[in-house]
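For reference, the structure is listed below as structure tokens.
The values are calculated or read from the model by the stated rules, or taken from the named source; none is laboratory data. In this text the structure is predicted, and so the values were computed from the model without any measurement. Positions of Cβ are generated from backbone atoms using ideal geometry, with glycine treated the same way; all protein chains shown enter the neighbour counts.
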Ligand code: GDP
């Protein structure tokens, strides 16, 4: 008998206020580098990454809103068909923290309930930060969602997010 490898494709959208590190996160994960001056492209922007977890193959399609968080009409097309979602906020931006439930609702309105995680980014700036780890922990508890604390800059805990989304995909779908 011939066994064929089959790959599970997952469309992942990364949402959250501007400048929290969404593009940097996708770039870091897919290309392995961090740059301070990542130039935004206008229009559809997504990167792919293949991962293998315990002999299961996954292809993650990571969609970035390309700095057009404000333009509803454009972002609608990014949401279409999403199976997983990462909501990013940052230690140094309290507005981004306040906006998390709004982003969550927006995703629910567009695509229904999908596998969603929260990410507190810029942990390298946590000293004296506006958003504390406790704030984030409490929010995650309230929203009943898994929380990752990352520094895309220092490449801390970034891969874990994507491994988790792939691993939990089966249970969720
Ligand atoms: P986006 O608008 O959410 O896509 O955010 P960007 O990826 O464009 O990042 C906004 C700024 O934050 C850029 O200058 C990044 O270099 C910076 N940045 C992203 N992640 C981190 C991080 O973990 N730590 C620090 N200190 N800066 C970060």
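Residue count for region 144-161 satisfying the condition of being touching a helix residue (DSSP H, G or I) at 6+ places or on another chain (Cβ under 7 Å) and more than 16 Å from the ligand (Cβ to nearest atom): 1.
Yes or no: region 118-134 includes at least one residue that is free of Cβ contacts under 8 Å to residues at least 60 places away in the same chain, more than 14 Å from the ligand (Cβ to nearest atom), farther than 18 Å from residue 21 by Cβ and in a helix (DSSP H, G or I). Checking region 118-134: at least one residue is free of Cβ contacts under 8 Å to residues at least 60 places away in the same chain, more than 14 Å from the ligand (Cβ to nearest atom), farther than 18 Å from residue 21 by Cβ and in a helix (DSSP H, G or I).
Condition (residue is closer than 21 Å to residue 164 by Cα, away from the ligand (no atom under 16 Å from the Cβ), surrounded by 15 or more Cβ atoms within 10 Å (Cβ to Cβ) and modelled with pLDDT of 90 or more) applied to region 10-21: is it met by at least one residue? Yes, because at least one residue in region 10-21 is closer than 21 Å to residue 164 by Cα, away from the ligand (no atom under 16 Å from the Cβ), surrounded by 15 or more Cβ atoms within 10 Å (Cβ to Cβ) and modelled with pLDDT of 90 or more.
Does at least one position in region 138-156 carry a residue that is part of a helix (DSSP H, G or I) and within 19 Å of residue 27 (Cβ to Cβ)? Checked region 138-156: no residue is part of a helix (DSSP H, G or I) and within 19 Å of residue 27 (Cβ to Cβ).
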